[in-house]
1. Please state the equivalent ellipsoid semi-axes for region 2-122: what are the square roots of 5 times the Cα gyration tensor eigenvalues, largest first, in whole Å?
2. Can you give the FRET efficiency for THR324 and TRP214, using 1/(1 + (r/R0)^6), R0 = 45 Å, r = Cβ-Cβ distance, to the nearest 0.05?
3. If the chain between THR376 and SER74 were fully stretched, how many nm would it gain, using 0.36 nm times the residue separation less the Cα-Cα distance?
4. So which chymotrypsin sites (Phe, Trp or Tyr not before Pro) in region 59-92 are both in a DSSP loop and have at most 16 other Cβ atoms within 10 Å of their Cβ?
5. Could you give the length gained by full extension between LYS410 and THR96, i.e. 0.36 nm per residue of separation minus their alpha carbon distance, to one decimal place?
6. To the nearest 0.05, how large is the calculated FRET efficiency for ALA300 and ARG123 if R₀ is 60 Å and r is the Cβ-Cβ distance?
7. Of the cross-linked pairs LYS76/LYS410; LYS38/LYS410; LYS38/LYS355; LYS266/LYS355, which ones have a Cα-Cα span greater than 26 Å in the structure shown?
8. Any chance you could list the semi-axes, whole Å, largest first, of the equivalent ellipsoid that the Cα gyration tensor gives for region 239-295, using √(5λ)?
Amino acid sequence: MKKLLFVICLLCTPAEAGTVWDYNGSTFALEANGVARKFLYLTARQGLPVSAGAVIFQGRRAGDTYTGTAYTFSPKCGPAPYSVSGTVAADQRSVTLTGSVPVRNAECRTISRQNNVMTFTLREPAASTPRREVLIIGTDATIPHADLQLTFFGKEVPLDEIHPEDPGHDGSMVVALSGIEPNPLAVRRATGLRNGFATVLNDGARIIVYDPIWYGGISSLAARYYLLGHEVGHHVCGHRGGYLNDKDANWKQELEADTYAGAAIKRVGYLTIADVIEGMAQTISHQGSQTHPPINLRIAAVQNGYDKGSPCEALGIVKPRVFTEEEKEGIHQTIIEFCNELAREFCSTNEFDAKVHRHSLIKSNCEIKPLPGPITYCNPPCHERFVAFPGVDCVGGGRYRSEDISTHMKLPSK
């Protein structure tokens, strides 16, 4: 069902299949199939007991995080697996994985472990890389936010190269919140911007520019949906530029966009208004300004949109499509399935660091409200210490649960 892709977009990234990567004198191919990732040897450096096609890493990618299993090779003992995790660089041209590699004796038994870091670097094509496309605010485009219009006025905003999967994933986000398909708004990524905004080009084209690293770093899922819905609202309401000397006009635009955000989030059907208000409290200023109204007025606007819809939807710039209950349930089930898979990975490993990492992924991808981190405790007389991981139930192989439940394990001695 095409409408459901917007949920996964918060977790997935540009295509990498068919690329060649370098690490430690060897070259590798990267296979990408959905969220699954696999690095395979193309050519091994001299002396390594591996052949072309051998797997050095297999796992999954969620956002800019890799988790899975790596392999160390021995002429006598063969490959040995160990858990690794790591991140993709902001420019998408390197992947760094860390883990504790097993050290084996002559009988091929693991006698110790040592930290290992692998950095796979994308091999650049022989042709020269073209200059990064830029957007000059005030010359090429205007921003409905008056403060951002002033901040970025005359400055170049470098735009990321369009990767094959970007338009589909980012467009699905807009489809979900605007309710119209095909997507009427272009979305461009600008890594390093540390912001996001709606903007109108001189030719009238409407786009959304955002920094995927900044956006993914917002801890609350509800806050992320609100921010994107607000920017879509500026376009749906026909806003073009901000008013540097007209507070009333600025406030009117911002409250219209907030009202639309409330209506859009209600259409998606996954978040409650209480979730959204809590996300707003974590994200936006509580005080009013020349360009933005105070938070109490903005919350009231979102609540009004959530309850009654947005008048902007009748302007004809976009015409909303109402999700069916079946589609809403499909969205919810997609999230549950992904989070349960993370929980199964959490429960299947006995390594403390691996559990901590997978729990952090569950916290960042599965909770509307922030989930507590691991909790350390002891039972008197406290000869042993334990760790509770909230939100994960390891009974029956592992599942994520938003209720008050935790998985416990003994804290390893240092």
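Taken together, the values in this text are just the output of simple stated rules run on the coordinates, not laboratory data. Bear in mind the structure is a predicted one, so any value in this text is a computation, not a measurement. When we count neighbours, we look across all protein chains shown, and the Cβ atoms used for this are built from the backbone with ideal geometry, even at glycine.
1. On the way: eigenvalues 157, 51, 30 Å².
Square roots of five times the eigenvalues give 28, 16, 12 Å.
2. Working: r = 33 Å, r/R0 = 0.74.
After rounding to 0.05, the efficiency reads 0.85.
3. Details: separation 302, 0.36 × 302 = 108.72 nm, distance 3.82 nm.
Gain on stretching THR376 to SER74: 104.9 nm.
4. On the way: sites: TYR66, TYR71, PHE73, TYR82; in loops: PHE73.
Answer in residue order: PHE73.
5. Values: separation 314, 0.36 × 314 = 113.04 nm, distance 2.89 nm.
Once the chain is fully extended between LYS410 and THR96, it gains 110.1 nm.
6. Numbers: r = 54 Å, r/R0 = 0.90.
For ALA300 and ARG123, the calculated efficiency is 0.65.
7. Working: LYS76/LYS410 35 Å; LYS38/LYS410 32 Å; LYS38/LYS355 21 Å; LYS266/LYS355 35 Å.
In this structure, LYS76/LYS410; LYS38/LYS410; LYS266/LYS355 exceed 26 Å between Cα atoms.
8. On the way: eigenvalues 113, 40, 9 Å².
Its equivalent ellipsoid spans semi-axes of 24, 14, 7 Å.
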